[in-house]
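Below is one structure, written out as structure tokens; comments come after it.
The values are calculated or read from the model by the stated rules, or taken from the named source; none is laboratory data. Quantities reported herein were computed from a predicted structural model and do not represent experimental measurements. Positions of Cβ are backbone-derived with ideal geometry, glycine not excepted, and every protein chain shown enters the neighbour counts.
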Amino acid sequence: MLQAAMPTAVVAAIIATNAGCDARLASAAAVITTLLSLLTLPILAASLHAIGL
């Protein structure tokens, strides 16, 4: 369950570039999800620990 909460991989920007998609959007998603994970992952880990998972 914790794995599903991990941020977007940076490789998404490389794949987007190769596929002719918006690499800037993919890069922004990687940065934003990485920053948000600094807050959300500890909360999720504590919640899972609290319920015994």
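Per-residue answers, yes or no, for (1) of a type in the set (Val, Ile, Thr); (2) modelled with pLDDT under 95; (3) under 15 Å from LEU2 (Cβ atoms); (4) out of contact with any Ser or Thr (no Cβ under 9 Å at 6 or more places or on another chain):
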position: ILE14; (1), (2), (3), (4): yes, yes, no, yes
position: THR17; (1), (2), (3), (4): yes, yes, no, yes
position: CYS21; (1), (2), (3), (4): no, no, no, yes
position: ALA29; (1), (2), (3), (4): no, yes, no, no
position: THR33; (1), (2), (3), (4): yes, yes, yes, no
position: SER37; (1), (2), (3), (4): no, yes, yes, yes
position: LEU41; (1), (2), (3), (4): no, yes, yes, yes
position: ALA46; (1), (2), (3), (4): no, no, yes, yes
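Condition check ((1) part of a loop (DSSP other than H, G, I, E, B); (2) basic (Lys, Arg)) across all residues:
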| residue | (1), (2) |
| --- | --- |
| MET1 | yes, no |
| PRO7 | yes, no |
| ILE15 | no, no |
| CYS21 | yes, no |
| ARG24 | no, yes |
| ALA29 | no, no |
| ILE32 | no, no |
| PRO42 | no, no |
| SER47 | no, no |
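Got at least one residue in the range 38-45 being among the hydroxyl-bearing types (Ser, Thr, Tyr), surrounded by 12 or more Cβ atoms within 10 Å (Cβ to Cβ) and within 16 Å of the chain's Cα centre (by Cα)? Reasoning before the result, please.
Our first condition is that a residue be among the hydroxyl-bearing types (Ser, Thr, Tyr); within the range 38-45, this holds for 40.
Still in the list and also surrounded by 12 or more Cβ atoms within 10 Å (Cβ to Cβ): 40.
From what's left, within 16 Å of the chain's Cα centre (by Cα): 40.
The answer is yes; a qualifying residue exists.
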